[in-house]
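*Asks:* I'd like to ask some things about the structure below.
Every number in this text was worked out from the coordinates using simple rules, so none of it is lab data. If you're wondering where the values come from, they're calculated on a predicted model, not measured in any experiment. Heads up, the Cβs are rebuilt from the backbone with ideal geometry, glycines too, and the neighbour counts pull from every protein chain shown.
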Amino acid sequence: MEKPLEGLLVLEFSQFLAGPSAGLKLADLGARVIKIERPVKGEACRQLSIKDLFVDDSSMLFHTINRNKESFAADLKNPDDLAQVKKLIAQADIMTHNFRPGVMEKIGLAFDDAISINPKIIYGVITGYGSEGPWAKKPGQDLLVQSLSGLTWLSGKSSQGPVPFGLAVADLMCGNHFVQGILAALLKRAKTEKGVLVEVSLLESILDVQFEALTIFLNNGGKLANRGNVRGSAHAFLSAPYGIYETNDGYLALAMGDLLLMAKVLEVDLGKYTNRKTWFRSRAAIRKILAKRIISKSSDHWIKVLRENGLWCEKVLNYEDLNNQAFMDDLQLKQTVKNSKGETMVTTRSPIQIDGELLLKEKAAPQVGEDNNVIYEQFLKN
């Protein structure tokens, strides 16, 4: 199957998570993605480890978000290397970077410079807080952006204080928005035959993720979210029963549903809360009543009786439980990739299918400069 972006050349100057995660998605969709890295050490994420896991001297984190790419080592401060990079830009469709404002200008690879080299280039930029203003040069780091954006006050219960999300959610959502912008820019270029500047920031992305909660705040007298103080709270703006409850052998998630029907199925007395308007106002008291009952039996027991009555629920799994689920194999949710040394790693795959086919490729992340010779022969020799 020919993938949708086959034939497109992407030069990735990006590092860490947001930009490279976008490059991963473009590569999965068929684009040829070449990482432009400093010689020897490569991009900084190669040394940013998770649980001190490394493969061929690069972190597992780097391998996770840089599979299916090539590496071209170049010192952008070296005039000869910079000249080669400019030759690549002249033949590329897309280039991306997430340096702080001013860095690419100093090197001579800002948007205007790139357009002078290649008038049809799509030039993508990720920043922490935009390219102008007092925040422009502050470090755009995921936890910091989560913290200042208000996100950490939406999870957990009120007595816990702020609770950060357990993943680099600002980086990853920004990468998704970046891909959306690049794909839209490809359509615009097809119409205008001119280059396009695409800009996103971590702050704007994480605020967009919170559009529901922020809109409520902005249109409800500026009232802050009240998470409640009951264990298992899952949403600051939804009424009971929504949340996670402990059973006698694990945990159970209850989504929205008819609370009176649920009371009947669970055999609890919610007679004081027949008025639906009380389901949010009194959600803490209601959830305590449900929790006291649910902990008396197993997760499987409750799932059976709740589902038989059309109520939405699910068992809460950890990664070990998840990995043992049949759907992991049935849906081919994992793939094995191999590097140039023959070492293999198991990772996730693209969630997208095109014409009924999965977007799979077994190429793992490259070593620094691994593809210099091939790229030189193909793009730079003449």
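*Asks:* Sorting C174, C45 on the 10 Å Cβ count, fewest up front, what's the list? Please report the intermediate quantities before stating the final value.
*Replies:* Numbers: C174 32, C45 22.
Ordered from fewest to most neighbouring Cβ atoms within 10 Å, C174, C45 come out as C45, C174.
*Asks:* OK, next. Please give the FRET efficiency for S147 paired with E377, using the beta carbon to beta carbon distance and R0 = 56 Å, rounded to the nearest 0.05. Intermediate results must be reported in sequence, preceding the final value.
*Replies:* Values: r = 48 Å, r/R0 = 0.85.
Calculated value: 0.75.
*Asks:* Further question: Work out, step by step, the length gained on full extension between K120 and D208: first 0.36 nm times the residue separation, then minus their alpha carbon distance; give nm to one decimal. Each step should come with its number before you reach the end.
*Replies:* Values: separation 88, 0.36 × 88 = 31.68 nm, distance 2.92 nm.
Extending this stretch completely gives an extra 28.8 nm.
*Asks:* How many nm is it between the label spots at K86 and I354, if each spot is 7 Å from the Cα in line with the beta carbon?
*Replies:* Between K86 and I354, the label points sit 3.4 nm apart.
*Asks:* Taking the chain as a Gaussian network, Cα atoms linked when under 10 Å apart, which of R276, R227, R46 shows the biggest mean-square fluctuation?
*Replies:* R276
*Asks:* Then there is this: What full-extension length gain, to one decimal in nm, is calculated for E132 and L331 as 0.36 nm per residue of separation minus the Cα-Cα distance?
*Replies:* Details: separation 199, 0.36 × 199 = 71.64 nm, distance 4.46 nm.
The span from E132 to L331 would gain 67.2 nm if fully extended.
*Asks:* So I have (1) 23.7; (2) 22.8; (3) 21.7, and one of them is Kirkwood radius over Cα pairs in Å calculated from this model. Which one is it?
*Replies:* Given (1) 23.7; (2) 22.8; (3) 21.7, the calculated one carries the label (1).
*Asks:* Right, another one. Between D321 and T344, how high is the FRET efficiency from 1/(1 + (r/R0)^6) when r is the Cβ-Cβ distance and R₀ = 25 Å? Nearest 0.05. Walk me through the intermediate numbers first.
*Replies:* Working: r = 24 Å, r/R0 = 0.97.
With R0 = 25 Å, the Cβ-Cβ based efficiency is 0.55.
*Asks:* Among G42, G195, G102, which one moves the most in a GNM of the chain with springs linking Cα atoms closer than 10 Å?
*Replies:* Judging by the Gaussian network model, the answer is G102.
*Asks:* Another question about this same structure. If a helix is a whole DSSP H run, which ones in the chain reach 27 Å or further along their own axis (Cα) and hold a mean Kyte-Doolittle hydropathy of at least -1.0?
*Replies:* 169-192
*Asks:* Ok, one more. Let me know the shape class of the stretch 198-357, please: from the alpha-carbon gyration tensor, a ≥ b ≥ c as square roots of the eigenvalues, rounded when a/c is under 1.5, otherwise prolate if a/b is greater than b/c, or oblate. Working shown, then result.
*Replies:* Values: a/c = 2.62, a/b = 1.37, b/c = 1.91.
Oblate, because a/c is 1.5 or more while a/b does not exceed b/c.
*Asks:* Another question, if that's okay. Which FRET efficiency, nearest 0.05, do R231 and V163 yield, Cβ-Cβ r, R0 22 Å?
*Replies:* Working: r = 13 Å, r/R0 = 0.58.
Here the calculated transfer efficiency is 0.95.
*Asks:* According to the square roots a ≥ b ≥ c of the eigenvalues of the Cα gyration tensor, what is the shape class of the stretch 90-247, taking rounded for a/c under 1.5, prolate for a/b larger than b/c otherwise, and oblate for the remainder? Don't skip to the answer; put the middle values down first.
*Replies:* On the way: a/c = 2.94, a/b = 2.36, b/c = 1.25.
Taking the square roots of the gyration eigenvalues as a ≥ b ≥ c, the stretch 90-247 is prolate.
*Asks:* Suppose each label sits 7 Å from its Cα in the direction of the beta carbon; what would the E267-L224 distance come out to in nanometres?
*Replies:* Reported label-point gap for E267 and L224 is 4.3 nm.
*Asks:* Order these peptides, 68-78, 345-355, by their mean beta-carbon neighbour count within 10 angstrom, highest first.
*Replies:* On the way: 68-78: 18.8, 345-355: 12.6.
Packing proxy ranking, top to bottom: 68-78, 345-355.
*Asks:* Oh, and also: In nm, to one decimal, how far is the modelled label at K292 from the one at K41, with both set 7 Å along Cα→Cβ?
*Replies:* 6.0 nm
*Asks:* Here's a follow-up. Place a point 7 Å from the Cα of K361 along the Cα-to-Cβ direction; which residues of the stretch 154-175 have their backbone N under 20 Å from it?
*Replies:* 175
*Asks:* Using Cα pairs under 8 angstrom and six or more residues apart, how large is the relative contact order of the chain, in percent? Walk me through the numbers before you get to the answer.
*Replies:* On the way: 660 pairs, mean separation 66.5, N = 382.
Dividing the mean separation by the residue count of the chain yields 17 percent.
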